[in-house]
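One structure is given below, encoded as structure tokens.
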Amino acid sequence: MSTPRPVLYHCANARSFRVLWALEEMGLDYELVMLPFPPRVLAPQFLQQNPLGTVPLFVDGAVRMTESAAICHYLAARDSSNGWAVAPHEGAAFAAYLNALHFGEATLTFPQAVVLRYALFEPAERRQPQVAEDYSRWFLARLNAFAAVMGSEDYVAAGRFTVADISVGYALKLAQVSGLAAEFPPVIVDYWERLQARAGYQRAMAAQERAGIAQGVMPTEVQRG
Ligand SMILES: N[C@@H](CCC(=O)N[C@@H](CS)C(=O)NCC(=O)O)C(=O)O
């Protein structure tokens, strides 16, 4: 009997893109279920699968996970021979890997979610330009500090591409939607170009496009960036 494929519930260009990108980089087999954004409102039946109403939801047999960076690490760490994760025995590189894996979501993505909400998603009367401005500055200050630490390195840890680059890379992708990409420092401009040139990134972009058309779930103007 064949093992069922893992299922990724995804909205175009949302945080679930991290998982899609990881699956494509690793050449794993999976089923992609596209949802309109926000699923909580536009696909309320999804709440039965994930009461949080958020994407990603990743289902792999008995495994159910909802945090994008954790799912990427789960996929990467299962096969230590492939180098997608950094192992504890790699010393300081392991620490840099874990730091960047979490920095990508907690420090670089969260403030942009606030900017998007209070500058774009909320109806005009609930928008908060000062909040959007403050969190834009917050994001850029932390990104600049990160660029200084990264210096001339090609990747965020261990001198190779890992899922920590996917975590940070997604935050850079989101900055194209939040408008903050225009203020990237040069180190980050180069790094983001390096990541987008990867065949795995391009396959993930093509996969969401294909699945969106096949399932009749098209991204909104904001989601397209
Ligand atoms: N920390 C979670 C955040 C998940 C999350 O908030 N996803 C957003 C899409 S980017 C979502 O589903 N929002 C819909 C909602 O909040 O209703 C992760 O990294 O996966």
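The values are calculated or read from the model by the stated rules, or taken from the named source; none is laboratory data. Nothing here was measured: the structure is a model prediction, and the numbers come from that model. Positions of Cβ are generated from backbone atoms using ideal geometry, with glycine treated the same way; all protein chains shown enter the neighbour counts. To get the accessible areas, we keep the full protein, side chains included, count just its heavy atoms, and leave off ligands, DNA and RNA. Shrake-Rupley method; radii C 1.70, N 1.55, O 1.52, S 1.80 Å.
A few comments on the model shown:
- ³J(HN,Hα), Karplus 6.51/-1.76/1.60, whole Hz, each residue of the range 31-37, x for Gly, Pro: 10, 10, 9, 8, 10, x, 10
- A simple charge model with +1 on the Cβ of Lys and Arg, -1 on the Cβ of Asp and Glu and nothing else charged puts the dipole of the range 69-133 at about 100 debye relative to its Cα centre.
- To the nearest 10, the accessible area of His73 is 60 Å² with a 1.4 Å probe.
- Taking amide H positions as modeled 1.01 Å from N, with prolines and chain starts lacking one, the residues under 5 Å from Leu57 and 5 or more places away or on another chain are Tyr9.
- Under the Karplus curve 6.51 cos²θ - 1.76 cosθ + 1.60, θ = phi - 60°, whole-Hz ³J(HN,Hα) for the range 157-173, x wherever Gly or Pro sits: 8, 6, x, 9, 6, 9, 5, 5, 5, 5, 4, 5, x, 5, 4, 6, 4
- Computed from backbone phi with θ = phi - 60° and the Karplus coefficients 6.51, -1.76 and 1.60, the 3J(HN,Hα) list for the range 14-19 is 7, 4, 4, 4, 4, 5 Hz; x is used for glycine and proline.
- Summarising the label geometry, the points placed 7 Å from Cα in the beta-carbon direction at Asp79 and Gln176 lie 2.8 nm from one another.
- Fully extended contour minus Cα-Cα distance, from Val189 to Arg5, at 0.36 nm per residue: 62.6 nm
- Charge-dipole axis of the chain as Lys and Arg at +1 and Asp and Glu at -1 on Cβ define it, positive-most pick from Phe121, Tyr97, Val131: Phe121
- Relative to the current alpha-carbon distance between Ala62 and Ala106, full extension at 0.36 nm per residue lengthens the span by 13.2 nm.
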